[in-house]
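The values are calculated or read from the model by the stated rules, or taken from the named source; none is laboratory data. What you are looking at is a predicted structure, and each value in this text was computed from that prediction instead of being measured. Counting neighbours? That spans all protein chains shown, and the Cβs are built from the backbone with ideal geometry, glycine included. Each accessible area value is taken on the protein alone, full model and side chains, heavy atoms only, with ligands, DNA and RNA left out. Shrake-Rupley method; radii C 1.70, N 1.55, O 1.52, S 1.80 Å.
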Amino acid sequence: EDAAQVVQRYGAALEQGDFAAAYALWGDGGKASGMSEEEFADSMADYEEIYVMTGAPGRAEGAAGSLYVTVPMQMYGRLQSGDTFNRIGPVTLRRVNDVPGSTEAQRRWHISDTDLTAKGTVRVEGK
């Protein structure tokens, strides 16, 4: 449930255009996104309207002292060009197990990967 809440907060931040907050939900202070905070914000410049829906999280799985869980996500809306977009796929979250020496930050769920791919079309009101 905690992992799903991270994805819900991520979606809410994207919808509100708060890309700094969305970036911060990625692991390693956002660096796990593969971008700087500025690059992340720039990657969102093509989106005029963003809406996000999340599904139920999968079962947490352990590997090498960490837990991983996948949460399905749909991101859709309108681009600056006026075209609509619809991307669906998994968001993978990671946290370190409760082991001696782990920090509180490491034990929080963070986004480690997304695989949102274009799928179908979506109708956005007003178009």
### Message
Output wanted: per-residue J couplings in Hz (rounded whole) for the range 84-98, from phi through Karplus 6.51 cos²θ - 1.76 cosθ + 1.60, θ = phi - 60°, x for Gly and Pro.
### Response
9, 9, 8, 10, 10, x, x, 10, 9, 10, 9, 8, 7, 4, 6
#### Entry: trypsin sites (Lys or Arg not before Pro) restricted to the range 1-65 and DSSP loop, no more than 15 other C-beta within 10 Å
ARG59
## Note on the structure
Residue by residue through the range 60-74, the couplings from Karplus 6.51 cos²θ - 1.76 cosθ + 1.60 with θ = phi - 60°, in Hz, x for Gly and Pro, are 5, 10, x, 6, 6, x, 10, 10, 10, 9, 10, 10, x, 9, 10
## Note on the structure
Expressed as a whole-number percentage, the relative contact order of the chain with C-alpha contacts under 8 angstrom and at least six residues apart is 24
### Message
Quick check: at a probe of 1.4 Å, how many percent of the accessible area of the chain sits on carbon and sulfur atoms?
### Response
46
### Query
R0 = 25 Å: FRET efficiency of VAL122 with GLU39, Cβ-based, nearest 0.05?
0.45
### Task
Would you calculate, for the chain, the mean residue ellipticity at 222 nm contributed by helices, counting each DSSP H stretch of 4 or more residues as -39,500 (n - 2.57) and dividing by all residues, to the nearest 500?
-6500 deg cm²/dmol
### Most mobile listed residue (GLY65, GLY11, GLY101) in the chain, GNM with C-alpha springs under 10 Å
GLY101
### Message
If you average the alpha carbon positions of the range 87-127 and of the range 24-48, how far apart do those two centres end up, in angstrom?
### Response
13
### the range 57-127: GluC sites (Glu not before Pro) in DSSP coil with no more than 14 other Cβ atoms inside 10 Å
GLU104, GLU125
#### Entry: Accessible solvent surface per residue of the chain, calculated while the other protein chains remain in place, 1.4 angstrom probe, Å²
58
